[in-house]
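What follows is calculated from the coordinates using simple rules that are stated; it is not laboratory data. Computed from a predicted model, the values in this text were never measured in an experiment. So basically every Cβ, Gly included, is an ideal-geometry build from the backbone, and we count neighbours across all protein chains shown.
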Amino acid sequence: MMSDERIQAITVPKWGMAMEEGTVTGWHLEEGATVAEGDEVLDVESTKIANVIEAKGNGILRRRVAAEGTTLPVGGLLAVIASDDVSDEEIDGFVSGFVVVAVADDGGAGGPVPRFADVNGRQIRYVVNGEDGEPIILIHGFGGDMNAWMFNQDALAADCSVYTLELPGHGGSSKDVGDGSLDVLTEAVEAVMDVAGADHVHLVGHSLGGAVALQVALDHPGKIGSLTLIAPAGLGSEINGDYISGFVAAQRRKEMKPLAQQLFADPSIVSRSMVEDLLKSKRIDGVDAALAAIAGCQFADGAQTLDLAARADDLDVPVQIIWGSDDAIIPVSQADNLAGASVHRIDGAGHMPMMEKAAEVNDLIAGFVARA
Amino acid sequence: MARVISMRKAINEALFQVMEEDPTVILLGEDIAGGEGSPGESDAWGGDMGITKGLQPRFGKERVMDTPISESAIMGTAVGAATCGLRPIAELMFVDFMGVCFDQIMNQAAKFRYMFGGKAETPVVIRTQIGAGYRGAAQHSQCLYPMFAHVPGIKCVIPSSAYDTKGLLIQAVRDNDPVIFFEHKFMYDQVSDDVPEEMYAVPFGEANIVREGGDVTIVAIAWMVHQAKAAAEILAGEGIECQIVDPRTISPLDEDTIIECVEETGRLVVVDEAYPRCNMGTDISALVAREAFGALKAPIQVVSPPHVPVPFAPELEDAFIPSPEKIAEAVRKTMNYK
């Protein structure tokens, strides 16, 4: 395919390993509209989730290639943005010559191949997006998996090498978590840090993954470039204990759906397919026992056992904290508990701002990493 | 990690894994290895459909037993062994043959827990094939599951995807009551989807919402789930959005989900490949008429075969099976009702 810097293609993104195609559900802009970086261009939905696609540069929306209702494979051409000195013929040529680049993986369409790191007999699954730039490691929260970062991996990979791992007991990693102590989780991050090989790694941790990232940063002075904590655990005792115990116990859709809805400011984000995926991951042998062990160790009796806020002085890295104003799991008031950290409260987001306000969070992370 | 495999492979994998996990699991059935006593290789067949292939070489003749052609011997052995601490999985080739050993199932296995004051457990799994479309004629093509759902004390499982097949079969083996696991023979290679390599159990009594849609609820079982999906595609082109519910187990039946779904859409079509008298179509219709009558915007429709034996003539057999077109027509009827 001819590459032309003057012409930008907007293509169907890949949100999570299972996504193979996306459907256009609406356009925000008419053809001919002036577009600035970050403008919302169109809405796309997969079988699991919907999100808005933003422009990555400035120009004019020259062509809406896919009409509303059209379904295209991941990588398929949705729109063309170019300045007005590019002729219509050149745009036509770009559209007709566009080739969807499929990346081979484990059978799905496109996306990186899952890899495994070994640590103390456990296998830690991770994927890498982007080969160039400094490494960023994304660490999901309690009961999550790499899909928590489906809106962030590709965006952050533009300038960095993004490692998304799955903690023991979660996703495709080994289910044994020992006694559920933080060590078992930090070891997993350290194993992926070793694979990444750089001595300057940026950690991004969400919820329980935030506490894990914070502990790793404390344990490895000099090796961490920056720390982004999104609605992290480990900065206070309060936590929604009913959510934690309910999530561990939930076996059925009816039990899981109201719990998943608590994660978002807008509960309508929670689709049947999202609930089904949570149940599917919990049905795997060993997962419920792992979650119970971690909950028993980290969130016993409805309160957090780990409080790292007092150790702010021991941190030698820049820290930013991102928190949804409507977080129903860990109160946003804890955002101020870590001295020296820059704090960003995000309106209209619950406990999952990296999903609910993905573009905003991506900008914050990319900017912070670039400055660190 | 999940990968796409067929229902055939999902059953075989589940059997391997439960036998690896639990030494009390045994398999018995006709030709499930390769025809005991006959010359030739010992694992020649793996059952009449090849589902159990490879199990006898791995687990030996003590745990994977070719039996004589005697359904009552298979069932009596399996039920007796279950009461004595094993977890037998008996393969009863075709559900059509159940008449030969029905007493052992409905009067013995199904009653032990009840009649012994809750002190007896009978963790037996009976795998058996159902369904038309295989040119198997009247004695090898029926969907007799309503006869078993009728009897208290038996759990009846009917998967429609490879994912559900593996998870429900693992749950069936771990369950402490008699479970009949109905496999639609037409689906073994027709249906493939994402299945985790790890072991996992899908709970009984939890319906699956296969497709979202706001206009009409279609409750369908086994192969009919796929026929309903094809119908929903046709209807989507007409602007009609179908919600498809697969009960996955008909005993226990997830009544709540069915009722809630009909309360959302106000219309119900039940698709059941079993003969129309006293099938799940009539049972689910009665449930909804009783519990959600006020939500209904149109009379309930049931799509079932005619009340005749499954024909052998291919044209007649195809006409017998509820088709996507017939399902779509039933949906339109509920949409057009005034």
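Which value, in Å³ per residue, describes the convex hull spanned by the Cα atoms of the protein assembly as shown?
Given the Cα convex hull of the protein assembly as shown, per-residue volume reads 189 Å³.
Kindly put B:64, B:151 in sequence by how many other C-beta atoms sit within 10 Å of each C-beta, fewest to most.
The most exposed by this proxy come first: B:151, B:64.
How shielded is B:185-196 by partner chains, expressed as the average number of their Cβ atoms within 10 Å of its Cβ atoms?
Going residue by residue through B:185-196 and averaging, the value is 1.
Can you give the FRET efficiency to the nearest 0.05 for residue A:219 and residue B:24, using r as the Cβ-Cβ distance and R₀ = 60 Å?
0.85
Set the Förster distance to 25 Å, then compute FRET efficiency between residue B:315 and residue B:336 from the Cβ-Cβ distance, nearest 0.05.
Working from the Cβ atoms, E equals 0.25.
Along Cα→Cβ, 7 Å out, is where each label goes; now give me the distance between the ones at residue B:58 and residue A:47 in nm to one decimal.
My value for the distance between the label points is 2.7 nm.
Averaged over A:270-279, how many beta carbons belonging to a partner chain fall within 10 Å of each residue's beta carbon?
Per-residue shielding by partner chains comes out at 2.
Treating only the Cβ of Lys, Arg, Asp and Glu as charged (+1, +1, -1, -1), what charge dipole size does region B:208-336 show about its Cα centre? Round to the nearest 20 debye.
280
Can you tell me how much longer the chain between residue B:230 and residue B:116 gets when fully stretched, taken as 0.36 nm per residue apart minus their C-alpha distance, in nm with one decimal?
Result: 36.3 nm gained on full extension.
Using only alpha carbon pairs under 8 Å that are at least six residues apart, calculate the relative contact order of chain B and give it in whole percent.
Answer for chain B is 16 percent.
What distance in nm separates the two pseudo spin-label positions at residue B:42 and residue A:242, each 7 Å out from Cα along the beta-carbon direction?
Calculated label separation equals 6.0 nm.
Please identify, among B:226, B:140, B:307, the residue showing maximal mean-square fluctuation in a Gaussian network model of chain B using a 10 angstrom Cα cutoff.
B:307
I want to check the label-to-label distance for residue A:343 and residue A:33. Put each point 7 Å from Cα in the C-beta direction and report it in nm to one decimal.
With each label placed 7 Å out from Cα toward Cβ, I get 3.6 nm.
Projecting each Cα onto the charge dipole of chain A (Lys/Arg +1, Asp/Glu -1 at the beta carbon, about the Cα centre), which of A:364, A:189, A:8 comes out farthest on the positive side?
A:189
Could you line up A:330, A:53 from fewest to most neighbouring Cβ atoms inside 10 Å?
Arranged by neighbour count, lowest to highest, A:330, A:53 become A:53, A:330.
For helix A:287-298, what angle does its Cα long axis make with the longest principal axis of chain A, in degrees from 0 to 90 and rounded to 10?
Around 60 degrees separate the two axes.
Give me the percent relative contact order of region A:178-278, please, defined on Cα pairs under 8 angstrom at least 6 residues apart.
19
Calculate the length of the line joining the C-alpha centroid of region A:152-177 to that of region A:123-147, in whole Å.
Cα centroid of region A:152-177 versus Cα centroid of region A:123-147: 2 Å apart.
Counting other beta carbons within 10 Å of each residue's own, what order do B:65, B:187, B:1, A:193 fall into, fewest first?
B:1, B:65, A:193, B:187
Return one number: the angle in degrees, 0 to 90 and rounded to the nearest 10, between the long axis of the Cα atoms of helix A:358-371 and the longest principal axis of the Cα atoms of chain A.
Taking the Cα atoms of chain A, the angle to A:358-371 is about 80 degrees.
Could you please state, rounded to a whole Å, how far the C-alpha centre of region A:49-63 is from the C-alpha centre of region A:249-295?
Rounded to whole Å, the Cα centres lie 32 Å apart.
Please report the net charge: other residues with Cβ closer than 10 Å to the Cβ of residue B:97, K and R +1, D and E -1.
For residues surrounding residue B:97, the net value is -3.
Once both axes come from the Cα atoms, what is the angle between helix A:272-283 and the longest principal axis of chain A, in degrees from 0 to 90, rounded to 10?
The two axes meet at around 40 degrees.
How well do other chains shield peptide B:255-263, expressed as the mean number of their Cβ atoms within 10 Å of each residue Cβ?
1
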